[in-house]
1. To the nearest 0.05, what FRET efficiency results for THR236 and ARG341 with a Förster distance of 51 Å applied to their C-beta separation?
2. Once label points are set 7 Å from the Cα along Cα→Cβ at both ASP377 and ALA60, what is their separation, rounded to one decimal in nm?
3. Projected onto the charge dipole of the stretch 298-396 (+1 at Lys/Arg Cβ, -1 at Asp/Glu Cβ, origin at the Cα centre), which of PRO340, ASN350, VAL370 gives the Cα projection farthest towards the positive end?
4. Percent of alpha carbon pairs in the chain separated by more than 31 Å?
5. I'd like the antiparallel share, as a percent to the nearest 5, of DSSP beta bridges with both residues in the chain.
6. Write out the cysteines belonging to the chain for which the nearest other cysteine Cβ is not under 4.7 Å, or none if no such cysteine exists.
7. When DSSP beta bridges are limited to those with both residues in the stretch 63-291, what percentage is antiparallel, rounded to the nearest 5?
8. So what's the angle, to the nearest 10 degrees on a 0 to 90 scale, between helix 97-113 and the longest Cα principal axis of the chain?
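Bear in mind that the values in this text are calculations on the coordinates, not laboratory data. What you are looking at is a predicted structure, and each value in this text was computed from that prediction instead of being measured. Note that we place each Cβ from the backbone using ideal geometry, even for glycine, and neighbour counts take in every protein chain shown.
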Amino acid sequence: MSISPLMPVYPRCGFRPVRGDHCHLIGEDGRRYLDFAAGIAVNILGHSHPGLIGAIQRQAETLMHVSNLYGSPQGEHLAQRLVDLTFADTVFFTNSGAEAVECAIKTARAYHQHVGNDHKFELITFNNAFHGRTLATISASSQEKMHKGFLPLLPGFKYAPFDDLEAARALIGPNTAGFLVEPVQGEGGIRPASDAFMQGLRALCDEHDLLLVLDEVQCGVCRTGSFYAYEQYGITPDVLATAKGIGGGFPLGACLATEKAARGMVAGTHGSTYGGNPLAMAAGEAVLDAAANPAFLEHVRTMGERLRARLEQFIGNYPELFELVRGRGLMLGVKMKGEPRPFVAHLRDNHQLLTVAAGDNTLRLVPPLVIDESHIDEFMDKLSAAAASYQVEQPA
Ligand SMILES: *Cc1c(COP(=O)(O)O)cnc(C)c1O
């Protein structure tokens, strides 16, 4: 037998974390790493946050899981908080981002099919999007590397270039149900959509009775400096998928919708065994307790601006390595002149700094949202040491 017990679908690196300490991870070998990856934009409160730990511990002792056959005071409370904080009137809880996007896709189809418009099943999505790894969510992405080996795809998706309103408009036809879009593409390379694009999609939806479905799995929950990124575009969606940061490390996601958009999601149409169980709700409550307030958002914006300013000043020293900085809040990308993966490995292995590569040659920085100046200083020290040594080791 040569296959590993862990199905070998991830190209895992040699770093083996065993403990978390605020904005650092400690490896099996005892070394400390500065964590600007945060489980890929998940650990927004850092590791070992007392409020989150306490909430999970208390709930685990009280009631961990019950079926969605029963009334859920825990789910009702967290859903109400999300309704109060957002455009939404109703919430379906999931265990992951892909499931939240799945629910959003089903909600969009059901919106039209509920009134007999069965032909309006197609979602227009955007090149280099990432929506998850289930069959529907890989079908929603234009990226062929995610399709390979898993054909046939689910019908009902058309791809337009990202941030190109005219191309999106041109794809609207009799079968169109709506648009599915990340306001800030994450895996695609930390690329924020323009205001004109997001506002234009909203107008097209209003004009043609289509649904605007946002995938804020990565950019949501304070990451960009507002609770959800759509707030910065001056629009509201009809449906929104959220996950990653919302559990702070506990597996939790949600599909948020307006009452109108959710008209097809009636009793018996959708479900999940674990989705919204009391343990997950306790984690979500603890994250909102810590993060869903103006002072926390102000902190994210301030740290985001400082980090961005330091990066912009710094990359000029290495024009052969770095091209530009983009993103919003603490969702930042440094576009590199070439493939970022060797540099990510160099940062990790030689400077104990964790980052993530993303599409379009982007070095992705999605630290815990609780970083302070000292972490930015530590980050910049490691980055500049790494850039200096990288040139020596790997001349272009
Ligand atoms: C991570 C991600 C997903 C998928 O989330 P999972 O929890 O891995 O299923 C979907 N959409 C976006 C934008 C993401 O970044």
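1. 0.85
2. Label-label distance for ASP377 and ALA60, simple model: 3.6 nm.
3. With unit charges placed on the Cβ atoms, the residue in question is PRO340.
4. 38
5. Numbers: 32 of 49 bridges.
Counting DSSP beta bridges with both partners in the chain, the antiparallel share is about 65 percent.
6. So far as the 4.7 Å Cβ criterion goes, CYS13, CYS23, CYS205, CYS219, CYS222 stand without a partner in the chain.
7. Working: 11 of 26 bridges.
Taking every DSSP beta bridge with both residues in the stretch 63-291, the antiparallel ones total about 40 percent.
8. Orientation of helix 97-113: about 20 degrees from the principal axis.
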